[in-house]
Amino acid sequence: MIYTAIDTFYLTDEQLRDSPSRKDGIDEATETALRVYGCDLIQESGILLRLPQAVMATAQVLFHRFYCKKSFVRFSVKRVAASCVWLAGKLEESPRKSKHIIFVFHRMECRRENLPIEHLDVFSKKYTELRHDLIRTERHLLKEMGFICHVEHPHKFISNYLATLEAPELTQEAWNLANDSLRTTLCVRFKSEVVACGVVYAAARRHKVPLPEDPPWWTVFDADEAGIQEVCRVLAHLYSLPKAQYIPVYKDNDSFTIRRTSDSQVSKESPASAVASDKGTPMPSSSSQEKDPVTKTGLDKVKEKSDDEVKPKPVEINGKEALAGSSKSEKTESNVDRSRERERDRSRGRDHDGRGRDSDRDSRGRDSDRERERDREASRDRERRHRSRDKSSGYSDKEKSRRSSRDRGDYYGSHSSREKDRHRHH
């Protein structure tokens, strides 16, 4: 049974031998090579992404824990390694964008397989597929861990142990060995204290630095001699292995690069079958050629006739498949042409509507300007008329006043003369 509580995810040798990958027919050497290859991808991607070492160490531990429960046949090494880096960055508070993770693994695969480095478009179908698979694999990781992703590394014990042993010159060597131990299954077999004691012991043996043996120094740090010897043995075996290469055991396509399916299908076909398909005649087997000489002559005649006649016969031989393929292609082409024509008509209608609106606006502006000018001219005419009327009315009033004053003078004059005459008579 595998325990998934905090600091209890440890397996025995029997459980490792009976891993899901072994049940799917993968031998020990292939599984070890794939584990080392996946850890190499994690380490290299962490350097390119400028992540701290704690993130890369956590990602490698998650990688080993996941493949203790799942098989390499059912889950791709490359995709799981990328998801481990993405998840470990969040756990260690150094997150990176999924876009950057995908770009880095795409570039690494191009370099490792000597492929031309091409730009991976963010809006392409390949990128969306990789991003969805990255998220899906992260969910599988969390589900298999039971959402308990606590990891304790041996690095934090190394400096304390060496300070207690008064051997600070072994710090760098022990640190390097601890980083290399993450490529093996030591992180799921022993506690981090035992691994720290093992790398300190290996560093002291390599640099020939004596450590206290009476009593043994590892007993102070809750370690045993058998565990330390096993750690040293696993590290020695790791250094004896060649550089890990990718072994394609995954069923589906797990590439981060853009590969055409037609190229792979063409490479799978044999040259004889390719020639037969070009000619439009099925290739008979060797046994049928040996048994039936009559069929040979018949096939030769058919070939001669096909060479003499025009070449629509391969389509007839293929039958309904060719007709169906051609009809599908014609339908798709017609649909594409119709959609293009609709878009063109829409764009033309929009341009025509825009031009009509602009012309209407211009005509409306011109009409309003003309109306304004007419109103101005009418107002001017009215003012002129009013002025002329005022002038004429002014002259008439003066004349009327003069006439009224004259009439009044005449009236008063006549009245006064009459009174004088009356006085005279009296």
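Annotations
- With each label modelled as a point 7 angstrom along the Cα→C-beta vector, the Leu48-Arg348 pair spans 5.0 nm.
- A simple count of charges around Glu377, restricted to other residues whose Cβ falls under 14 Å of its Cβ and scoring Lys, Arg +1 and Asp, Glu -1, yields +2.
- Take 15-24, 227-236 and order them by the average number of nearby Cβ atoms within 10 Å per residue, most first; the result is 227-236, 15-24.
- Among the listed pairs Lys69/Lys90; Lys143/Lys251; Lys70/Lys251; Lys90/Lys191; Lys70/Lys90; Lys97/Lys156, those whose Cα-Cα separation exceeds 18 Å are Lys69/Lys90; Lys143/Lys251; Lys90/Lys191; Lys70/Lys90; Lys97/Lys156.
- Taking 0.36 nm per residue of sequence separation and removing the Cα-Cα distance, the Asp337/Thr164 pair yields an extension gain of 54.3 nm.
- Remark on the range 86-213: Rg and Dmax equal 20.0, 63 Å (Cα only).
- Between the range 204-231 and the range 122-178, the alpha-carbon center distance in angstrom: 26
- Length gained when the stretch Arg139-Lys69 is fully extended (0.36 nm per residue, less Cα-Cα span): 23.8 nm
- Loop-located GluC sites (Glu not before Pro) in the range 111-216 (DSSP state not H, G, I, E or B) with no more than 16 neighbouring Cβ atoms inside 10 Å: Glu113, Glu118, Glu152, Glu166.
- Accessible-area order (highest first, 1.4 angstrom probe) of the listed residues Tyr239, Tyr67, Tyr201: Tyr239, Tyr201, Tyr67
- Once the Cβ-Cβ distance of Gln229 and Lys23 is raised to the sixth power relative to R0 = 35 Å, the FRET efficiency obtained is 0.75.
- Difference of contour (0.36 nm per residue) and Cα-Cα distance, Lys208 to Asp222: 2.7 nm
- Each other residue within a Cβ distance under 15 Å of Lys208 adds +1 if Lys or Arg and -1 if Asp or Glu, for a net charge of -1.
- Where the range 1-144 is the region considered: accessible area per residue in Å², 1.4 Å probe: 48
- Each label point was placed 7 Å from the Cα along the Cα-to-Cβ direction; for Ile117 and Thr30 their separation is 3.3 nm.
- For His237, the accessible surface of its heavy atoms amounts to roughly 100 Å² (probe 1.4 Å, protein chains only, rounded to the nearest 10).
The values are calculated or read from the model by the stated rules, or taken from the named source; none is laboratory data. Fair warning: this is a prediction, and the values are worked out from it, not measured in the lab. Don't worry about glycine lacking a Cβ; one is built from the backbone with ideal geometry, like all the others, and counts go over all protein chains shown. Surface areas here come from the heavy atoms of the whole protein model, side chains and all, with no ligands, DNA or RNA. Shrake-Rupley method; radii C 1.70, N 1.55, O 1.52, S 1.80 Å.
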